[in-house]
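The values are calculated or read from the model by the stated rules, or taken from the named source; none is laboratory data. From a predicted model like this one, the values you see are computed outputs, not experimental measurements. When we count neighbours, we look across all protein chains shown, and the Cβ atoms used for this are built from the backbone with ideal geometry, even at glycine.
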Amino acid sequence: MDIINEIASKLGVSPDRAQAIAGTVIGAARKEAPADVAQAIDEKVPEAAEWEPAAEKDAGGGLGGLGGMLGGLTGGGGGVAALLGSLSRFGVDAGSLAKIAPSVISFLKDRIGADKVQKLVSSVPFLKQFAGGGEGGGGGGGALGGLGGLFGN
């Protein structure tokens, strides 16, 4: 569970809180992923299924509340606003998400493969935002514009 220790270290939180954060981020990505990528996450990152319930328990309830409301306000059921709404219960803001997103994506790349992660980033709106996945391959987009280097771009 290196990803848990890495998140705990980067954010200065307990391993339990880091597990909840990882569960929230991976769960949100999985829910918006293409079917084959979601299946790969289920098969190759089985512990993530346990991290989401840990996230709900750590947050004191379901994750739908504020995240769902923010998603509705932005015209969708997901996206970075919904994710940040869910993560705010753990004291995670956009800056903190920017710190851990490369670690989460690298962890998924190791587990499900670079091709599936590239497909995930290309198809999940909040990952596109944090990975600088804008149209035309221009540089510098998003909070993590340099993330493209993880994929050899």
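Contact list please: Cβ distance under 7 Å, first residue in the range 1-28 and free of Cβ contacts under 8 Å to residues at least 60 places away in the same chain and hydroxyl-bearing (S, T, Y), second residue surrounded by 18 or more Cβ atoms within 10 Å (Cβ to Cβ) and assigned to a helix (DSSP H, G or I), pairs at least six apart or on different chains.
S14/A8
Restricting the first residue to the range 89-103 and requiring it to be free of Cβ contacts under 8 Å to residues at least 40 places away in the same chain, which pairs with a second residue that is among the hydrophobic types (A, V, I, L, M, F, W, C) and assigned to a helix (DSSP H, G or I) meet a Cβ separation below 9 Å and a spacing of at least six or different chains?
Hits for this filter: R89/A20; R89/A55; R89/A59; R89/L66; D93/L84; D93/L87.
Examine the range 117-134 for a residue that is over 15 Å from the mean Cα position of the chain (by Cα) and either modelled with pLDDT of 90 or more or surrounded by fewer than 20 Cβ atoms within 10 Å (Cβ to Cβ) (or both), and state whether such a residue exists.
Narrowing the range 117-134 to residues over 15 Å from the mean Cα position of the chain (by Cα): 134.
Narrowing further to those that are either modelled with pLDDT of 90 or more or surrounded by fewer than 20 Cβ atoms within 10 Å (Cβ to Cβ) (or both): 134.
Yes, the conditions are met somewhere in the range 117-134.
For the range 81-107, enumerate the residues that are closer than 18 Å to P15 by Cβ and either small (G, A, S) or out of contact with any helix residue (DSSP H, G or I) (no Cβ under 9 Å at 6 or more places or on another chain) (or both).
G91, S96, S103
Helices (runs of 4 or more DSSP H) wholly in the range 1-97 with at least 3 residues that are at pLDDT 90 or above - which ones?
The qualifying helices (runs of 4 or more DSSP H) are 2-11, 15-32, 35-44.
Check G142 against each of (1) modelled with pLDDT of 85 or more; (2) buried (at least 20 other Cβ atoms within 10 Å of the Cβ) and name the one condition it does not meet.
Going through (1) modelled with pLDDT of 85 or more; (2) buried (at least 20 other Cβ atoms within 10 Å of the Cβ) one by one, G142 breaks only (1).
Among what's in the range 33-51 and is out of contact with any helix residue (DSSP H, G or I) (no Cβ under 7 Å at 6 or more places or on another chain) and in contact (Cβ under 8 Å) with a residue 24 or more places away in the chain, pick the residue that is farthest from L97 (Cα to Cα).
Among them, the one singled out is D36.
Could you please give the count of residues in the range 5-26 that are more than 11 Å from V104 (Cβ to Cβ) and surrounded by fewer than 22 Cβ atoms within 10 Å (Cβ to Cβ)?
The total comes to 10.
Could you check the range 27-40 and list, in sequence order, the residues that are buried (at least 23 other Cβ atoms within 10 Å of the Cβ) and farther than 16 Å from L83 by Cα?
The one that is buried (at least 23 other Cβ atoms within 10 Å of the Cβ) and farther than 16 Å from L83 by Cα: V37.
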